[in-house]
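Here is the structure we will look at, set down as structure tokens.
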Amino acid sequence: MIFLMRLPWKRGISITSVFHFLSFHSILVPSMNKVISRSHFSPFLPILLILIGGIFLSFSISSCKKKQIDPLSKTLVVVGGEKILDSDLNQAIAEIGSEMPVPQGEALDRLKSDLLDQLIQTRTFLQEAKRKNIQVSKSELDDFLTKSKAEYSENDFNELLKGKGLTYERWVQKISDNMIIQKLEEKATETVPEPTPDEIKEFYNSHLDDYKLKPGVRIRQILVGTEKEAREIRSALVKGADFAKLALERSISPDKDLGGDLGILTKDQMPEGFEVTLSLPINTISPIIKTSYGYHIFRVEGKQNGKISSLSEEAPRIRTLLFQERRDKEFAKWAIDLRKRTDIQILPDALNVKGIPK
């Protein structure tokens, strides 16, 4: 299985809706999946996670045809007449290495097996998209690329790509491939029905605990390393200094970039020492609180009363969740069938990759 770290994954979010995120931010952790040919494929594999991981390693049919092939590269697998080379696998491992230390020994063997399986799965998607003439227009691609780069300076963006072992051209190709596969999913699941009002109501009633909002407080904090500095800051705050500005300038907590904003915390979410904020009036500066992290100063900016969110409030989210879960399930079944229909030949050199079924 491939686990996704630092990924804003929630129930009801499309598999393909995270592909673009994965192109930049995913960390893959090796585990126990096996590379499966048609004769070995098991429908019980966690196919959804294979699909997600596979997109991270995507490479297009057209780019494979154009790239310069190392004459010493060995063919590992042939998928629908298209070769996957050991150089493709090595490149995938190198990109993983830009995000995390590459494991050794048996863990490396499992990683290679996972990555090769993902390369196979991705190739089947892209070939099927080509057969169905599914494409991404230049304007669609340009629009997404512009939005992706908007938060970065050109230099920072190039450094980010470099740190991930990517050229700009390869990154663009990844994005294009991901968008094509998203369209492929939409095409494969276009007949999936939306949930009915009764189904939405039934889901809501069976998950009432999920819609209970517990009492909580919205907090800002400033965290420093010494009591002396905390006293100086608290004195300035009592005299009217801007809390968010001081948090940005002097706090050592990661939330300083948000002006110390921790969002809404309920009692059971609070680390030791934070519970003092539950009894603070809004906009009141707290005493200095010492914890294992250092010295905290809090300000409560608002309070949340406990209640149960109504069906009318939650219905749009439930509808999206149920509909997307249906689409994901349908696409997983479709992907299994596609793989069974694809001519996949695992060649002798692939058997040197430990974990490949013989």
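Within segment 174-199, residues that are under 30 Å from Leu145 (Cβ atoms) reach partners that are of a type in the set (Val, Ile, Thr) and open to solvent by 20 Å² or more (accessible area, probe 1.4 Å) with beta carbons closer than 7 Å, at six or more positions or on different chains, in the pairs Ser176/Val136; Met179/Val136; Ile180/Ile134; Ile180/Val136; Lys183/Ile134; Leu184/Ile134; Lys187/Ile134. Residue under question is Leu160, and the condition is that it be within 17 Å of Glu95 (Cβ to Cβ), exposed (fewer than 15 other Cβ atoms within 10 Å of the Cβ) and aliphatic (A, V, I, L, M); does it hold? Yes: the conditions hold for Leu160.
Here's the yes/no breakdown for (1) among the acidic types (Asp, Glu); (2) modelled with pLDDT of 90 or more; (3) under 21 Å from Asp328 (Cα atoms):
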| position | (1), (2), (3) |
| --- | --- |
| Cys64 | no, no, no |
| Lys83 | no, yes, no |
| Pro101 | no, no, no |
| Arg110 | no, no, no |
| Asp143 | yes, yes, no |
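Checking each residue in segment 253-284 for being farther than 15 Å from Gly216 by Cβ and open to solvent by less than 30 Å² (accessible area, probe 1.4 Å) picks out Ser253, Asp255, Gly259, Gly260, Gly273. Residues in segment 112-133 that are aliphatic (A, V, I, L, M) and at pLDDT below 95: Leu115, Leu116, Leu119, Ile120. The residues listed here are Glu194, Glu199; of these, the one that is open to solvent by 80 Å² or more (accessible area, probe 1.4 Å) and of a type outside the set (A, V, I, L, M) is Glu194. The set of residues from segment 119-157 being open to solvent by 50 Å² or more (accessible area, probe 1.4 Å), assigned to a helix (DSSP H, G or I) and free of Cβ contacts under 8 Å to residues at least 60 places away in the same chain comprises Arg131, Lys138, Ser139, Glu140, Asp142, Asp143, Thr146, Lys147, Lys149, Glu154, Asn155, Asp156. Out of Arg170, Arg220, Arg250, Arg234, one residue alone is open to solvent by less than 50 Å² (accessible area, probe 1.4 Å) and in contact with a strand residue (DSSP E or B) (Cβ under 9 Å, 6 or more places away or on another chain). It is Arg220. Within segment 317-327, is even one residue open to solvent by 50 Å² or more (accessible area, probe 1.4 Å), β-branched (Val, Ile, Thr) and not in a helix (DSSP H, G or I)? No, there is no match, as no residue in segment 317-327 is open to solvent by 50 Å² or more (accessible area, probe 1.4 Å), β-branched (Val, Ile, Thr) and not in a helix (DSSP H, G or I). Among residues that are acidic (Asp, Glu), surrounded by fewer than 18 Cβ atoms within 10 Å (Cβ to Cβ) and farther than 27 Å from Lys83 by Cα, Glu106 is not included.
The values are calculated or read from the model by the stated rules, or taken from the named source; none is laboratory data. Please read these numbers as outputs of a predicted model, since none were measured by experiment. Every residue, glycine among them, receives a Cβ derived from its backbone with ideal geometry; neighbour counts consider all protein chains shown. To get the accessible areas, we keep the full protein, side chains included, count just its heavy atoms, and leave off ligands, DNA and RNA. Shrake-Rupley method; radii C 1.70, N 1.55, O 1.52, S 1.80 Å.
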